[in-house]
1. Rounding to the nearest 10 and keeping the result within 0 to 90°, find how far the Cα-based axis of helix 56-65 lies from the longest principal axis of the chain.
2. Assign unit charges at the C-beta atoms only (+1 for Lys and Arg, -1 for Asp and Glu), then state the dipole size of segment 49-128 relative to its Cα centre in Debye, rounded to the nearest 20.
3. Going by average Cβ neighbours within 10 Å, how do the peptides 63-75, 86-98, 19-31 rank, with the highest at the top?
4. Mind checking the per residue accessible area of segment 165-215 for me, 1.4 Å probe, whole number of Å²?
5. Which lysines does Lys172 reach when only Cα atoms under 20 Å apart count, and residues fewer than 8 places away in its own chain are ignored?
6. Give me the percent of the accessible area of the chain that comes from carbon and sulfur atoms, probe 1.4 Å, all protein chains in place.
7. What list of ³J(HN,Hα) values in whole Hz, one per residue of segment 46-52 in order, does the Karplus curve 6.51 cos²θ - 1.76 cosθ + 1.60 (θ = phi - 60°) give from phi, with Gly and Pro shown as x?
8. Using all C-alpha to C-alpha distances in the chain, build P(r) with 10 Å bins and read off the rounded percent in each one.
Amino acid sequence: MNASSLTLTKKTHSCVRLERNGQSLVIDPGGFTEEDAAVGADAILVTHEHPDHFDESRLRAALESNPAAQVWTLRSVAEQVSAAFPGRVHTVGHGDTFTAAGFDVQVHGELHAVIHPDIPRITNIGFLVDGSVFHPGDALTVPDQPVDTLMLPVMAPWSKISEVIDYVREVKPRRAIDIHDALLTDLARPIYDNQIGALGGTDHGRLTPGDATRL
């Protein structure tokens, strides 16, 4: 784990940007997030194929804006973009480790959370960055090692708040920061903040899109 501090910038919904030593890594620039969310990034990670996490136009804009930028993702996403960017799109899965733009990344998880029993589950992977920041995508994956900062999918069609609270309790991060929150109205935010904060057992907060914090 690199000792230099990370800067985390929240983008809309599940997208976050991590920066250190002049290099940047963006996770899940999907269709709900800003059009330029991944532009200029040195590395892009995508957890799964759902459009609120993977948007082909945003990914292409990022790869075209920085000819050195590369993508790490699972097969279902890689198959859609790898032909247009030979050698720059890498397929990874659970248990893999790699270095992206100077960040050490471990892959955890295999399947998307259950939306409904009648809907087939797709693949989903989470990324643990520098042994510190974990972004699970659309799953409540618990890495087999400590997590300092958990990017917490706070509200989704596939979850309820009791599961979110229990997930925080099981991971036991030093802090949890909300993601997957674009569908959460301002009326609901205090309810989620209070219950997760009171019952999760860790420091819990959220960032307005565009806001940044040092980790």
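The values are calculated or read from the model by the stated rules, or taken from the named source; none is laboratory data. None of the values given here were measured: they were computed from a predicted structure. Cβ: placed from backbone, ideal geometry, glycine included. Neighbour counts: every protein chain shown. Just the protein is used for accessible areas: all its heavy atoms, side chains included, with ligands, DNA and RNA removed. Shrake-Rupley method; radii C 1.70, N 1.55, O 1.52, S 1.80 Å.
1. 50 degrees
2. On the way: 5 positive and 10 negative charges, 33 e Å.
Magnitude of the dipole: close to 160 debye.
3. Details: 63-75: 18.1, 86-98: 13.7, 19-31: 21.6.
Answer by packing, highest mean first, reads 19-31, 63-75, 86-98.
4. Numbers: 2880 Å² over 51 residues.
On a per-residue basis, segment 165-215 sits at 56 Å².
5. Cross-link targets: Lys160.
6. Working: 4620 of 9350 Å².
After summing per-atom areas, the C and S share lands at 49 percent.
7. 10, 7, 5, 8, 4, x, 7
8. 9, 38, 39, 14, 1
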